[in-house]
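One structure below.
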Amino acid sequence: MVDLSDRGKALENEWFHKHEKELLRKARERREARLAKERDAEREKQKQLHFMKCPKCGGELAEVEHEGIKVDRCTSCHGVFFDAGELDELLLKKVDERRSFFRKLTGLFGA
Ligand SMILES: [Zn+2]
């Protein structure tokens, strides 16, 4: 003979167990979503802070296009920075083209 009150308790426990699991899962999801949002916000803040800033002195970078290659030049320390792929492009040029590029670059920036 099955004790009905025991059966009732078992069902109740099962319900709470399932319910608790669901609550924990939802809480974990909310926490992960919040952390992801904080990470994105921090990344965006860093980007805003460093975008077009010189990595050496923190000065403003100005983009200059020269012979089809874009370089970023610091308006403060005059450092010159290449974006990904642009240095490769320059290295693929013929020696005299490369020489002329740098000559013009230093002529442009020397002033
Ligand atoms: Zn600089």
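The values are calculated or read from the model by the stated rules, or taken from the named source; none is laboratory data. These numbers were taken from a predicted model, which means no experiment stands behind them. Cβ atoms come from the backbone with ideal geometry, glycine included; neighbour counts cover every protein chain shown.
In table form, for the structure just shown:
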quantity	calculated
Matching helices (runs of 4 or more DSSP H) fully within the chain where at least 2 residues are at pLDDT 90 or above and more than 16 Å from the ligand (Cβ to nearest atom)	4-50
Residue 6 being surrounded by 10 or more Cβ atoms within 10 Å (Cβ to Cβ) and either over 30 Å from residue 101 (Cβ atoms) or hydrophobic (A, V, I, L, M, F, W, C) (or both)	no
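Residues checked against (1) under 24 Å from the mean Cα position of the chain (by Cα); (2) on the phi > 0 side of the Ramachandran plot; (3) in contact (Cβ under 8 Å) with a residue 60 or more places away in the chain:
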residue: 25; (1), (2), (3): no, no, no
residue: 31; (1), (2), (3): yes, no, no
residue: 42; (1), (2), (3): yes, no, no
residue: 53; (1), (2), (3): yes, no, no
residue: 78; (1), (2), (3): no, yes, no
residue: 93; (1), (2), (3): no, no, no
residue: 104; (1), (2), (3): no, no, no
